[in-house]
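Beneath this line is the structure, given in C-alpha cells, with notes to follow.
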Amino acid sequence: MNVKYGVYILQCLFLILLASFIWAEDIIDGNKSAVLVPQLPSTVNIYTYHNQPPYIIDTNDRKGLLFDFLNELQDAAPKVTFVENVVSRSKVNDVLDSKQPAIVMWVNPDWFVGVSQPLYWSKQIFESKSVFVFLKDKSVKYETTEDLKDLVFGSRKGYSSHYISQILGFEPIKQVAAASAGENVANLLKGEVDFIVLPQVLGLNYFRSKNLIEKIQVHDMPVDNLPIYIMISHSYLELLPAVNNVIDKLNKSEAWQSKLNFYGLLANSTESH
C-alpha cells in the first residue's frame, strides 16, 4: 500500500512539474522537436537598428512600418507591453551576446552567424534588394565581383562580414568601418571608400533627397532579393505564433502592400525560416 501511495505521489509531482512549462513545436531543418517555452514577462523589448524610412518615418506621430507592425502585435498580445528600442547594430550584438531577451526587427539569419544564444525566426515578412554604390568620378569598372578585390569597401561597425563575403566570394581586404549609414555615405562622397552596399530604394531616395543622385553609379548585386524576417530569442518564444499571425494579417492588407510596393519591398508571407 505504501509503495502504491509513493508511486502516486511521484506521478503527481511529475505532472505538476510538467504543467509548469509551456510546450511548443519548433521546425528546425524540416524536423519537429519539442522546445520548452519560458513564461513570458509582462514587458517585451523590441529592437531595431533600422532608423530610417520606411521603418521609422516619424517617432512622435509613430509613423513607419515599425509602428504599423507594433500596433498589430499589441492587439495580438494585449497582455504584454511592447517597448521599442532604436539602437545601433553594435548594441543589438551586445544584447544577444549577453543572452538578454530580444525581438529584433527586419533582419536575416546570415547577418547573425555565430550568435551564442538560440535564435528563432518568423515567417518571411518581405524581401529587400541591396545594390553596390560607387562614385561616378572614380570611374570604377565593375563587371564581376573580382573587379572589387583591390577596392576599399565601406563596411559598418558591428555588422557581420559573413554576408558580404558570401556575395563577393572573398573577404574585402581593405575596409573602412562607419558607425552609421550616413557616415558610410559621407566616406564614399569624400573618396575614403570605393564602394558601399545600400538597400536599393532607401539608398536612391537618400541620394535624391540630397541632390547627389548624379554623383553616383549603382550596380545590382549578384544575388537574389534578400528575405527579411523578425528574430526572436528563446525567452520570447511564446510570441512567435502571434508574430507570424501579424505577418499573415499584414500581408492580406492592401494598405500594407501599398507601403511595401512604394518602398520597393516585396511581400512574401507564406514561408517560415
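Key figures for this structure:
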{"quantity": "Among the candidates PHE153, PHE170, residue that is part of a loop (DSSP other than H, G, I, E, B) and outside the structural domain of LYS91 (by TED's automatic domain parsing)", "calculated": "PHE170"}
{"quantity": "Matching option when the condition is acidic (Asp, Glu) and closer than 23 Å to GLU143 by Cβ, among ASP194, ASP248", "calculated": "ASP194"}
{"quantity": "Residue in the stretch 61-76 that is closer than 27 Å to SER155 by Cα and not small (Gly, Ala, Ser) present", "calculated": "yes"}
{"quantity": "Residue check, SER90 crowded, with 18+ Cβ neighbours inside 10 Å and among the hydroxyl-bearing types (Ser, Thr, Tyr)", "calculated": "no"}
{"quantity": "Pairs with Cβ under 9 Å, 6+ apart, first in the stretch 221-247 and within 20 Å of SER116 (Cα to Cα), second modelled with pLDDT under 95 and of a type in the set (Asp, Glu)", "calculated": "LEU237/ASP26; LEU240/ASP26"}
{"quantity": "Hits in the stretch 203-255 (condition: surrounded by fewer than 17 Cβ atoms within 10 Å (Cβ to Cβ) and among the hydroxyl-bearing types (Ser, Thr, Tyr))", "calculated": "SER209, SER253"}
{"quantity": "Exclusive hit being modelled with pLDDT of 90 or more and of a type in the set (S, T, N, Q), set SER130, SER160, SER98", "calculated": "SER98"}
{"quantity": "Residue in the stretch 56-71 that is touching a Ser or Thr at 6+ places or on another chain (Cβ under 9 Å), small (Gly, Ala, Ser), outside the structural domain of LEU202 (by TED's automatic domain parsing) and modelled with pLDDT of 60 or more present", "calculated": "no"}
{"quantity": "From the options SER209, SER155, residue that is without any contact (Cβ under 8 Å) to a residue 60 or more places away in the chain and within 19 Å of the chain's Cα centre (by Cα)", "calculated": "SER155"}
{"quantity": "Matching residues in the stretch 218-271 - criterion: being over 25 Å from VAL80 (Cβ atoms), at pLDDT 85 or above and small (Gly, Ala, Ser)", "calculated": "SER258"}
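The values are calculated or read from the model by the stated rules, or taken from the named source; none is laboratory data. Source: prediction; values computed, not measured. Backbone-built Cβ (ideal geometry, glycine too); neighbour counts: all protein chains shown.
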